[in-house]
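Below you'll find the structure, written out as structure tokens, and then a few comments.
Just so you know, all these numbers are worked out from the coordinates, no wet-lab data involved. Quick caveat, the model's predicted, so the values are computed rather than measured. Neighbour counts are summed over all protein chains in view; Cβ atoms, including those assigned to glycine, are modelled from backbone coordinates with ideal geometry.
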Number of protein chains: 2
Amino acid sequence: MQTSSLDHDAHMRSAITLAHKTPRAPFGSVLVDRQTNKIVASGVNQSSANPILHGEIAAINDYARQGKSDWNKLTLYTTAEPCCMCQGAVLWAGIREVVFGTSIAQLKTLGWKQIDITAEEVVARSWDPSVVVVAGVCAAECDQLFEGAIACRR
Amino acid sequence: MQTSSLDHDAHMRSAITLAHKTPRAPFGSVLVDRQTNKIVASGVNQSSANPILHGEIAAINDYARQGKSDWNKLTLYTTAEPCCMCQGAVLWAGIREVVFGTSIAQLKTLGWKQIDITAEEVVARSWDPSVVVVAGVCAAECDQLFEGAIACRR
């Protein structure tokens, strides 16, 4: 499957705007309906309340609460590459396209603890290797968020 | 780290009892406090309401809702090997021991769609490879649950 015709930069900027709400953990995610080009759900990192509430999980929970099941028409935008928890969640939900900014490798370089499995690898080892992962959209802006956050934490 | 001195069979039987509540998706999980030997949280598969609510995620959410942060004293018992979403969640939460019944390999053999990454591999590629994974506790009983469920689904 090829990447969709959505404006990846514009939607990633929405995720970045959200991420500014949690500057010490600037993980922001939005789910976009490819048919309408609209944001239908969103989430930011809430791991201080629940350690598994990464931005992606919060966004998926937000959409699930709406009682809909048409996950396959959604694209997930997220400021950082989904970890294997979040990419696993994407697959179980049936979301077929993921677009991220900062890579797991870059987060590690910056000093963030990470599980060293790329989103691409999770997809490749799943029952549906045709799920699309688009890397590095607005990467410079996203990298800057995570550099700033790690400096705050020190 | 060595496996704890908990009675793994007894606690797995509690997870199996829970799993009987959702016979078409018999994924049951309990969190046990190693200091008191008591079950402090539990969860069953609720993926019909939210596709990411595997038993393990439901149990972690159950404990998070209690507002506690002492995850490192907990052991997770679960009828099937945690997928990379659930094992990732275990790591992010700070749970340091996981005990499972049926393996991902066995689920695949039985016809369940799976992400082909073992819980051990997720741990080994994380920032904390000392997290313990104990495989195959009450495996025959657990395998039977999943064989029955897949027969129901056909």
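Here are some notes:
- The C-alpha atoms of chain A define a longest principal axis, and helix A:55-65 lies at about 40 degrees to it.
- The stretch A:1-153, relative contact order in percent, only Cα pairs under 8 angstrom and at least six apart counted: 24 percent
- With pairing defined as another cysteine C-beta under 4.7 Å, the cysteines of chain B that fail it are B:83, B:86, B:138, B:142, B:152.
- Rounded if a/c under 1.5, otherwise prolate or oblate - the stretch B:22-90, Cα gyration tensor axes: prolate
- Principal-axis tilt of helix A:84-93 within chain A, Cα atoms, nearest 10 degrees: 20 degrees
- Chain B, closest residue to the rotation axis toward A, by beta-carbon, whole angstrom: B:84, 2
- Label 7 Å beyond Cα on the Cβ vector: residue B:21 copy-to-copy distances, nm: 3.1
- Fraction of beta bridges assigned by DSSP in chain A that are antiparallel (%, nearest 5): 60 percent
- The sum of -39500 (n - 2.57) across all DSSP H runs of n ≥ 4, divided by the residue count of the protein assembly as shown, sets its helix-only mean residue ellipticity at 222 nm to -11500 deg cm²/dmol.
- For chain A, the longest principal axis of the Cα atoms and the long axis of helix A:139-153 meet at an angle of about 40 degrees.
- Amide proton proximity set for residue B:116, modelled H, under 5 Å, gap of 5+: A:126
- Other-copy label distances relative to residue B:5, 7 angstrom Cα-Cβ extension, nm: 6.7
- The Rg/Rh ratio of the protein assembly as shown, with both radii computed over alpha carbons and Rh defined as the Kirkwood radius, is 0.96.
- The residues packed around residue B:141, meaning those with a beta-carbon under 13 Å from its beta-carbon, carry a net charge of -2 if Lys and Arg are +1 and Asp and Glu are -1.
- Using a 7 Å projection from Cα along Cα-to-Cβ, the label point at residue B:148 is separated from the same position in the remaining copies by 5.5 nm, smallest value first.
- Cα-based shape type of the stretch A:12-154, given that a ≥ b ≥ c are square roots of the gyration tensor eigenvalues and the cut on a/c is 1.5: prolate
- Of all aspartates and glutamates in the structure, the ones whose alpha carbon falls short of 20 Å from that of residue B:38, not counting any fewer than 8 places away in one chain, are B:7, B:9, B:56, B:62, B:70, B:97.
- Cα-based shape type of the stretch A:2-58, given that a ≥ b ≥ c are square roots of the gyration tensor eigenvalues and the cut on a/c is 1.5: prolate
- Partner lysines whose Cα lies under 26 Å from the Cα of residue A:113, excluding those fewer than 8 positions away in the same chain, are identified as A:21, B:68, B:73.
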